[in-house]
1. How high is the FRET efficiency from residue 216 to residue 133, r the C-beta distance, R0 30 Å, rounded to 0.05?
2. In whole percent, what relative contact order does the range 6-266 give with Cα contacts below 8 Å and a gap of six or more residues?
3. If I model a spin label at residue 262 and residue 119 as a point 7 Å from the Cα along the Cα→Cβ vector, what separation in nanometres do I get?
4. For the chain, modelled as a GNM with alpha-carbon contacts under 10 angstrom, which of 63, 230, 186 fluctuates the most?
5. With labels modelled as points extended 7 Å from the Cα through the Cβ direction, what inter-label distance (nm, one decimal) is found for residue 253 paired with residue 92?
6. Label the range 24-106 by shape, choosing from rounded, prolate and oblate, from the square roots a ≥ b ≥ c of the eigenvalues of the Cα gyration tensor; if a/c is under 1.5 it is rounded, and otherwise prolate applies when a/b is larger than b/c, oblate when it is not.
7. Using a 10 angstrom cutoff on alpha carbons, build the Gaussian network for the chain and name the most mobile of 83, 41, 175.
8. If I stretch the segment between residue 22 and residue 55 completely, what's the gain in nm (0.36 nm per residue apart, minus their alpha carbon distance), one decimal?
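Bear in mind that the values in this text are calculations on the coordinates, not laboratory data. Just so it is clear, the model here is predicted, and its values are computed rather than measured. Cβ atoms come from the backbone with ideal geometry, glycine included; neighbour counts cover every protein chain shown.
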Amino acid sequence: MQKLIITAALTGAEVTRAQQPALPISPEEIAQAAAECALAGASIVHVHARNPDGSPTQDKAIYRQIITAIQARCDVIVQVSTGGAVGMTPQERLAPVTLTPEMATLSMGTVNFGDGVFMNHPSDMEVFAQAMRLHGVKPELEIFDSGMLTAALRWLKKGLIDSPLHVDFVLGIPGGMAGTAEALMYLRSQLPPDATWTVAGIGAAQLPLGVMAILLGGHVRVGFEDNVFYSKGELASSNAQLVSRIARISQEMNRPVATPKEARAILGMAPRG
Ligand code: KMH
Ligand code: ZN
């Protein structure tokens, strides 16, 4: 089995300080959280930017500050969000890709997202994929429902995205595929043999699906974007606390955790200069 790649989804676009007082918001706070998570075993950080008032933004200058501040602290792989927040335009969402981060997310379809609709028109998705190719950015395909994986496989055949695929099964969004073992097993069964996958269980699904992924040879995403609790009714004290738990469980299961350098090799990415 490959070493375990842990992604820390530090901030997201929807979570508030009222829900999670330790939520990192400013570039310095996000970079500090990234460094703590890297120390705890994360090799990728999934990053969303926020305005000083806490509202979500895809502002390129703020992403630049975040990336610079993270890279000054540690070697973790920075994965920017192109999902942004519900209601943002595709042009807004794509902005951080032009900073040539090592990775970016690429959502593979439209999904109801709580009370909103997370729109991903096929023609916009194609533009996103082309931009990532142009800038040498490794896409992580965000799969919120099974049809999105079917779409990704169709895209692979058409040459719109490259092998080996790296996908993130985001399970448990209200409107998307359920955060259950059965959903994960089905999705995994559809992947090409050379694909890598990670799972982002939402809310209470984060820990059980993460543990399943450790056992099945997948990878794991944790963090406040997807879940603010450590256990039922108990808020997590930091993103790093959630990363530490997954790293500890994986090591106990004799599956060592990947460094960023090892994660780049597992994902078929170039070493960082
Ligand atoms: N905030 C969600 C609407 C991504 O980062 O690529 C979309 C999202 C996905 O978070
Ligand atoms: Zn995100």
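1. 0.50
2. Averaging sequence separation for qualifying contacts and normalising by length gives 20 percent for the range 6-266.
3. 4.4
4. In this elastic network of the chain, the residue with the biggest mean-square fluctuation among 63, 230, 186 is 186.
5. 3.8
6. Prolate, because a/c is 1.5 or more and a/b exceeds b/c.
7. For the chain, modelled as a Gaussian network with Cα springs under 10 Å, the answer is 175.
8. Details: separation 33, 0.36 × 33 = 11.88 nm, distance 1.57 nm.
Stretched out fully, the residue 22 to residue 55 stretch lengthens by 10.3 nm.
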